Amino acid sequence: MIRISKLSKIYATAKVRVVALQDVTLSLEDGVFAAVTGASGSGKSTFLNLLGGLDTPTAGMIEVGGRKISEMNREELALYRRSGVGMIFQSFNLIPGRDALENVALPLIFAGIPKRERRKRSAEMLARVGLGERMRHRPSELSGGEQQRVAIARALINNPRVLLADEPTGNLDSRTAREIITLLAGLNRDQGLTVVLVTHEEALAGEFAHRGVRLHDGRVETQEKWR
Amino acid sequence: MKLSDHIELAFSNLRKRKLRAFLTAFGVTIGIGALVSMVSFGKGMQKNVTESFRSLDLFNSIAVFAEDFMTRERFDPDERPPAAVPSGAGRVTLDDAAMEKIAALKGVETVFPEIRIPAIVRFNEKEEFRLVQVIPAKVVSSKAFRFSAGRGYGSDDENSLVLSKSFLRRLGVDDPETAVGKMVTISSIAFDFSRLNPLDLAAALGGEKLPFRMEDYDLTVVGVTESMTFAGPMPIQSDIFIPPGTSERMKKLPFSNIWDIFRAREGRLGYSALNVRLSSPAYVEPVKREVSEMGFQSFALADQFEEVQRGFLVMDMILAAVGMIAIVVASLGIVNTMVMSILERYSEIGIMKAVGASDRDIRRIFFFESSIIGSLGGVFGLALGWVVSGIINRVVNYFLARQGVPFIHYFSFPVWLCLGAVVFAVAVSLAAGIYPAMRAARVDPVRALRHD
């Protein structure tokens, strides 16, 4: 269960005050595939960063699986990011100098898992996202779709219950984009993984997602149950 | 994170930028190399002095004087004490009786008077002016004298002498072995009583005929010492020695410096100084006490050695300070490299944080990288310092050997210096890594992951 109430994020510098999110209240049950849509600057990414523990809210409460993210200190947030949640991004964010296997194994290093086990688990995870043959390739040697699969494998390596996807198809052609969304929908269906997908491709999202949340100027505009 | 992962990650990150890591580590190498060779030079000098003092028995030697030698401002045997010394009447005399009394003290091995005879030394068709020191056979045969050829004279009455290798070289003989058994002529200066008549004296005042003449004595070279030698606690080296019996048979002036003349005028007899050798440094204090109760002054180098040690400490600190400059520059190099590395790996740091790296993990990743640079620099710096000082040592010894100076290790590498250098390099690099590591840990993942 993800529960969000009165969540606000305000970026304030000496001169400007930007309200990225204001009074967002929302709850998502376990195992849901939710699509968050909205125009650029509507606060989608900020919403996801707060949910992923990368950023801290100005006000409000976030609770994921019974843990109050909004009250965690830096150390606890790191632990939460390590195993409570997985994130993927538009630009994949793989480490360029390291091959697919090493990228997937990265979170396990911080979890203190021994090297041998890291390799075994990473190889299995890569096989599950359909990249069993390309484990030793570096990101630059992989296509966009393949890179995003590596990122998905990395996000799931610590078995989180929640996957957060920030415009995962933004850098992909439409066919590959569909493949990636299909993969996410499959993980949601088969393993009960909660997926929160931030996208502006509403049509594609509408095909797979259970719930749709539309943000506008930092507020929830509409909330729909699609299926 | 596991320690092994930290080390592996640090090495693989450094390998990605080999040249820069190498150059930074090389900076540390030079810094540590400079520091190590500086300190080892200081330590080497100290070790040489201490060891030669010890091997020459200087720590168990005392000089005994009839008057208050030490209150004189300067240590110059040709100078009269500035403060008026009360006349000899009523004062103890440093004569043979006193010498026997001192010799009987517990711990005293040998006592011999400090006598130096001004003389012209002729050998190999060359001549040199020297103060010939009178030393008993027993002392010449002690470990204070190291021979590169021959040996010490067997008795105090032998018609023989010992001279130093460097003096022999001045006389044009390079191989000490060839000199052993040859005759050396010593010309001492003696009063010519026949000239001591008023008429001649008048001429002498004109500078033509002083009432002196030369007395020639032929002595056999029995030994050649390796270097000039301190034969007593007085820091005056000699390079030609004769036995006391032979000295007594020689006609010579009864003084070797102006001070002796003044003493003689004041009617004070006896020797100006005695050299006392003890069986152990432990006897220095008790014997000095006894000697002062007898009314004499004494001087021991052991007393001065603390001062010498303090001097070495100051020298060490100055040398270390010079070495430190290079270390400071090298540590700035580390800071620079690590800060550059943060800028380049900004998004990588963001990724690591996004997948669950804590601030502490990030800090440690950077600490490990800088400490690996530092420890590599430390180890190679130690090696560099060792190699460079070894080369300098050889070169210096090569040139000094041509002037008759025996081989000396000018650098010393005690174990604590080797370990300390590496530990210090790591400590410095950790200190240099503090700022970059803190900065890396503070990277905001949201900003680092934003791609514009």
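Here is how the numbers come out for the structure above:
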item	result
Per-region count, region B:397-414, residues out of contact with any Gly (no Cβ under 7 Å at 6 or more places or on another chain) and in contact (Cβ under 8 Å) with a residue 60 or more places away in the chain	7
Residue selected from region A:117-139 under the condition exposed (fewer than 15 other Cβ atoms within 10 Å of the Cβ) and basic (K, R), by the criterion nearest to A:D190 (Cα to Cα)	A:K120
Set B:V355, B:V387: member being of a type in the set (A, V, I, L, M, F, W, C) and more than 14 Å from chain A (Cβ to nearest Cβ)	B:V387
Single condition A:K120 does not satisfy, out of (1) under 23 Å from A:V150 (Cβ atoms); (2) within 14 Å of another protein chain (Cβ to nearest Cβ); (3) among the basic types (K, R)	(2)
Residues (under 15 Å from B:A425 (Cβ atoms) and surrounded by 14 or more Cβ atoms within 10 Å (Cβ to Cβ)) located in region B:315-328	B:A320, B:G323, B:M324, B:A326, B:I327
Which listed residue, of A:A185, A:A203, is free of Cβ contacts under 8 Å to residues at least 24 places away in the same chain, aliphatic (A, V, I, L, M) and assigned by TED's automatic domain parsing to the domain that holds A:F47	A:A203
Index of the failed condition, A:G66 passing every other in (1) closer than 18 Å to B:K353 by Cβ; (2) surrounded by fewer than 21 Cβ atoms within 10 Å (Cβ to Cβ)	(1)
Verdict on A:F110 being crowded, with 23+ Cβ neighbours inside 10 Å, farther than 24 Å from A:L172 by Cβ, within 14 Å of chain B (Cβ to nearest Cβ) and aromatic (F, W, Y)	yes
Strands (runs of 3 or more DSSP E) (entirely within region B:95-177) containing at least 1 residues that are more than 24 Å from B:D216 (Cβ to Cβ)	B:108-113, B:147-150
Residue in region B:295-302 that is assigned to a helix (DSSP H, G or I) and modelled with pLDDT under 85 present	yes
Checking A:E76 against (1) more than 10 Å from chain B (Cβ to nearest Cβ); (2) of a type outside the set (A, V, I, L, M, F, W, C); (3) outside any loop (DSSP other than H, G, I, E, B); (4) surrounded by fewer than 18 Cβ atoms within 10 Å (Cβ to Cβ), the condition it does not meet	(1)
Condition check for A:A153: within 29 Å of B:D359 (Cβ to Cβ), at pLDDT 95 or above and within 13 Å of chain B (Cβ to nearest Cβ)	yes
Qualifying residue in region A:51-63 (condition: surrounded by 14 or more Cβ atoms within 10 Å (Cβ to Cβ), in contact (Cβ under 8 Å) with a residue 40 or more places away in the chain and within 10 Å of another protein chain (Cβ to nearest Cβ))	yes
Residue identified as modelled with pLDDT under 95, within 12 Å of B:P436 (Cα to Cα) and within 14 Å of chain A (Cβ to nearest Cβ) among B:S341, B:S347	B:S341
Some residue of region B:15-38 being crowded, with 20+ Cβ neighbours inside 10 Å, of a type outside the set (A, V, I, L, M, F, W, C), farther than 30 Å from B:G378 by Cα and at pLDDT 60 or above	no
Extreme residue, farthest from B:V173 (Cα to Cα), among residues of region B:112-154 that are of a type in the set (S, T, Y) and either within 27 Å of the chain's Cα centre (by Cα) or not assigned by TED's automatic domain parsing to the domain that holds B:T246 (or both)	B:S142
Single condition A:E124 does not satisfy, out of (1) of a type in the set (D, E, K, R); (2) outside any helix (DSSP H, G or I); (3) over 19 Å from B:G350 (Cβ atoms)	(2)
Checking B:M1 against (1) assigned to a helix (DSSP H, G or I); (2) in contact (Cβ under 8 Å) with a residue 12 or more places away in the chain, the condition it does not meet	(1)
Pair list, Cβ under 8 Å, 6 or more apart: region B:415-443 residue in the same structural domain as B:A354 (by TED's automatic domain parsing), other residue among the basic types (K, R)	B:L417/B:K43; B:A437/B:R363; B:A437/B:R364; B:M438/B:R363; B:A440/B:R363; B:A441/B:R360; B:A441/B:R363; B:V443/B:K353
Index of the failed condition, A:R154 passing every other in (1) within 15 Å of A:L106 (Cβ to Cβ); (2) under 18 Å from the mean Cα position of the chain (by Cα); (3) basic (K, R); (4) surrounded by fewer than 19 Cβ atoms within 10 Å (Cβ to Cβ)	(4)
Candidates B:E114, B:E128, filtered to the one that is among the acidic types (D, E) and within 12 Å of B:I240 (Cα to Cα)	B:E128
From the options A:S70, A:S91, residue that is more than 14 Å from chain B (Cβ to nearest Cβ), among the polar types (S, T, N, Q) and either touching a helix residue (DSSP H, G or I) at 6+ places or on another chain (Cβ under 9 Å) or without any contact (Cβ under 8 Å) to a residue 24 or more places away in the chain (or both)	A:S70
Residues of region B:350-393 satisfying the condition of being within 15 Å of B:G27 (Cβ to Cβ), among the hydrophobic types (A, V, I, L, M, F, W, C) and free of Cβ contacts under 8 Å to residues at least 60 places away in the same chain	B:V379
Residues of region A:79-88 satisfying the condition of being touching a residue at least 60 places away in the same chain (Cβ under 8 Å) and either facing another protein chain (nearest Cβ under 8 Å) or in contact with a Ser or Thr (Cβ under 9 Å, 6 or more places away or on another chain) (or both)	A:R82, A:S83, A:M87
Selection status of B:L332, in contact (Cβ under 8 Å) with a residue 60 or more places away in the chain, part of a helix (DSSP H, G or I), buried (at least 22 other Cβ atoms within 10 Å of the Cβ) and not polar (S, T, N, Q)	no
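Residues are listed down the side, and each one gets a yes or a no for (1) farther than 20 Å from B:R345 by Cα; (2) touching a Ser or Thr at 6+ places or on another chain (Cβ under 7 Å); (3) basic (K, R); (4) touching a residue at least 40 places away in the same chain (Cβ under 8 Å):
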| position | (1), (2), (3), (4) |
| --- | --- |
| A:G66 | yes, no, no, yes |
| A:V104 | no, yes, no, yes |
| A:P114 | yes, no, no, no |
| A:K120 | yes, no, yes, no |
| A:M135 | yes, no, no, no |
| A:S143 | yes, no, no, no |
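The values are calculated or read from the model by the stated rules, or taken from the named source; none is laboratory data. Bear in mind the structure is a predicted one, so any value in this text is a computation, not a measurement. Note that we place each Cβ from the backbone using ideal geometry, even for glycine, and neighbour counts take in every protein chain shown.
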